[in-house]
Amino acid sequence: MGVMRTLLKPSLNEVDRQTLEQWVKSRAVAPKQKLRARIILMTAEGRPTEELMGVLKVSTPTLNLWRKRYQEGGPAALVKGKTQLPGTPSLPTEKVQDILVLTQ
């Protein structure tokens, strides 16, 4: 975790810091986005992962995910999480048809 903290600290410029702090204070920002901003701000302050996990009630993989996304795309990368496309079938169409034939 120390490596991630070291990488994040220099890249959190004043503009990003102000943006993230505004998000945390804003009533118009979604709770998930506020949480992501807090993760980055607290990491940049040098707080240990264990402290963030306890205070923010998130897991290490969640912390690492948002640290990485911030590192790759700045504040814009914290706005939305990546989601699976809706309507993606869990089974291939052929398999569904086979099951339907067998159950009739």
Inside the stretch 19-104, counting only helices (runs of 4 or more DSSP H) that do not spill past its ends, which hold 2 or more residues that are under 18 Å from the mean Cα position of the chain (by Cα) and surrounded by 11 or more Cβ atoms within 10 Å (Cβ to Cβ)?
31-44, 49-56, 60-73
What pairs come up if the first residue lies in the stretch 11-38 and is touching a residue at least 60 places away in the same chain (Cβ under 8 Å), the second is not hydroxyl-bearing (Ser, Thr, Tyr), and their beta carbons are under 7 Å apart, counting only those six or more places apart or on different chains?
Ser11/Gln71
Might you check whether a residue that is at pLDDT 90 or above and of a type in the set (Ser, Thr, Tyr) occurs anywhere in the stretch 28-51?
yes
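The values are calculated or read from the model by the stated rules, or taken from the named source; none is laboratory data. In this text the structure is predicted, and so the values were computed from the model without any measurement. Virtual Cβ from ideal backbone geometry, glycine too; neighbours counted across all protein chains shown.
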